[in-house]
Structure formats: structure tokens, C-alpha cells
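K.L.:
Just dropping this structure here.
The values are calculated or read from the model by the stated rules, or taken from the named source; none is laboratory data. Bear in mind the structure is a predicted one, so any value in this text is a computation, not a measurement. FYI the Cβ positions are ideal-geometry reconstructions off the backbone, even for glycines, and counts take in every protein chain you see. Keep in mind that these areas ignore ligands, DNA and RNA; they rest on the heavy atoms of the full protein, side chains included. Shrake-Rupley method; radii C 1.70, N 1.55, O 1.52, S 1.80 Å.
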Amino acid sequence: DAVVGDLGCGPGVFAFAFARACPRGLVYASDIEPAQLDRVREDMRGQGIGNIVPVLASADDPHFPPGRLDLVFVADTYHHLEDRVAYFERLRSALKPDGRLAVLEYKPGKIPVGPPPDHKLPAGVMQAEIEEAGYVLVDKLDTHLWHDFEIWRVGRARESGH
């Protein structure tokens, strides 16, 4: 019954996985590209899935409802965002008090998949930015060969300085 936000959902690969895993829950599939959301809607009809809400994001806001999300999931999108610290500071308001942020991002450097190295963030930048935005690292999962996968929670004032 979880409420999940898929930030930068693309065609909905993860949104559909979350919708199936949380059949009594709700998935907000947010993307800045209307064509991606059209694809999500089309696949929702084709697959008979009704617990996904396509949401048109803007450059500085995924337009998630405030205080409703158990999880915000960000896959291969973090490096595309502008002013990431401010973006993730605002994103905190969408999470429930015990909500989590999960970030799956291509590892830095040259690897055989994903964007070229100069389109990725240098090692340590993402973690420093997310910490600056007021989050505390909960877990760093070494489960993906080509991706870093981290789980975060909103920090308390004394932990994060926010």
C-alpha cells in the first residue's frame, strides 16, 4: 500500500514494477517529457494497471503531492537535474516523515553502458549534494555492476544542519 514517486520515470519501467509490487498503493510517475507520459498512459491501458498517476514535471519540480510519499525513486536522472541541491531540498516536502529517497545512478568514469564519462558526475559529488540538501545516507547497496544505488532519509536538524 506504499505511495511511490518515480522521478524521471521515462516510459515507466520502474513505475510499472512499483505498481505491481504495491497493488493497493499508488505510483506517481513524473517526467518532464510529455511523450514519456503518453507512453505510460498507453501501457497502463494495455496492461490494465490503474494505480499509476502520470505527472508532468517542470525543470525544478516533479510536482509530487506534499507529505504523501513513502519513497521517491530516482533512476539515471540525478545527473540531468539543474541546481540539484535546491531541487532535493524542495523534494523533502513530498516525503512522509519516515519516507525514503532511493537513487540509482550510473557509476562515475568510463563503463560500457550509460552516458559518456563527461556526462556523469565525478565520484562523491552526488553524495555531497544530497547531504547538503538535508538527507542522511541509510544504505549504500553494492548490487549493481554499473550503478551506484543509495537509500537516504530526511535528516533531523542536528544531523544535517537543516
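K.L.:
Do the conditions hold for Phe73, that is, is it open to solvent by less than 60 Å² (accessible area, probe 1.4 Å) and either part of a strand (DSSP E or B) or touching a Phe, Trp or Tyr at 6+ places or on another chain (Cβ under 6 Å) (or both)?
P.N.:
On the way: open to solvent by less than 60 Å² (accessible area, probe 1.4 Å): yes; either part of a strand (DSSP E or B) or touching a Phe, Trp or Tyr at 6+ places or on another chain (Cβ under 6 Å) (or both): yes.
It is true that Phe73 is open to solvent by less than 60 Å² (accessible area, probe 1.4 Å) and either part of a strand (DSSP E or B) or touching a Phe, Trp or Tyr at 6+ places or on another chain (Cβ under 6 Å) (or both).
K.L.:
Which residues, taken from the range 44-62, are in contact with a helix residue (DSSP H, G or I) (Cβ under 9 Å, 6 or more places away or on another chain), hydrophobic (A, V, I, L, M, F, W, C) and not in a loop (DSSP other than H, G, I, E, B)?
P.N.:
Of everything in the range 44-62, those that are in contact with a helix residue (DSSP H, G or I) (Cβ under 9 Å, 6 or more places away or on another chain), hydrophobic (A, V, I, L, M, F, W, C) and not in a loop (DSSP other than H, G, I, E, B) turn out to be Met44, Ile52, Val55, Leu56.
K.L.:
Taking the range 3-43 only, how many residues are touching a helix residue (DSSP H, G or I) at 6+ places or on another chain (Cβ under 8 Å) and either open to solvent by 60 Å² or more (accessible area, probe 1.4 Å) or of a type in the set (A, V, I, L, M, F, W, C) (or both)? Show your work before the answer.
P.N.:
As a first pass, look at the range 3-43 and keep what is touching a helix residue (DSSP H, G or I) at 6+ places or on another chain (Cβ under 8 Å): 4-12, 15-16, 25, 27, 29, 31, 40, 43.
Keeping just the survivors that are either open to solvent by 60 Å² or more (accessible area, probe 1.4 Å) or of a type in the set (A, V, I, L, M, F, W, C) (or both) gives 4, 7, 9, 15-16, 27, 29, 40.
Count: 8.
K.L.:
Go through the range 1-43 and report how many residues are under 18 Å from Tyr78 (Cα atoms) and outside any helix (DSSP H, G or I).
P.N.:
Our first condition is that a residue be under 18 Å from Tyr78 (Cα atoms); within the range 1-43, this holds for 4-15, 28-33, 36.
Cutting the leftovers down to outside any helix (DSSP H, G or I) gives us 4-12, 28-33.
Selection size over the range 1-43: 15.
K.L.:
Considering only the range 107-135, state which residues are surrounded by 15 or more Cβ atoms within 10 Å (Cβ to Cβ), closer than 22 Å to Ala86 by Cβ and either at pLDDT below 90 or of a type in the set (Ser, Thr, Tyr) (or both).
P.N.:
Lys120, Leu121, Tyr135
K.L.:
Got a sec? Which of Val85, Val138, Val103, Val74 is in contact with a Lys or Arg (Cβ under 7 Å, 6 or more places away or on another chain) and either within 24 Å of Gly25 (Cα to Cα) or among the β-branched types (Val, Ile, Thr) (or both)?
P.N.:
Values: Val85 fails: in contact with a Lys or Arg (Cβ under 7 Å, 6 or more places away or on another chain); Val103 fails: in contact with a Lys or Arg (Cβ under 7 Å, 6 or more places away or on another chain); Val74 fails: in contact with a Lys or Arg (Cβ under 7 Å, 6 or more places away or on another chain).
Sole residue among the options that is in contact with a Lys or Arg (Cβ under 7 Å, 6 or more places away or on another chain) and either within 24 Å of Gly25 (Cα to Cα) or among the β-branched types (Val, Ile, Thr) (or both): Val138.
K.L.:
Now, a different point. Test Tyr87 against the criterion of being at pLDDT 95 or above and open to solvent by less than 30 Å² (accessible area, probe 1.4 Å), and give yes or no.
P.N.:
Criteria met by Tyr87.
K.L.:
Kindly establish whether Arg20 is under 23 Å from Phe149 (Cβ atoms) and free of Cβ contacts under 8 Å to residues at least 40 places away in the same chain.
P.N.:
On the way: under 23 Å from Phe149 (Cβ atoms): yes; free of Cβ contacts under 8 Å to residues at least 40 places away in the same chain: yes.
Judged against the criteria, Arg20 is a match.
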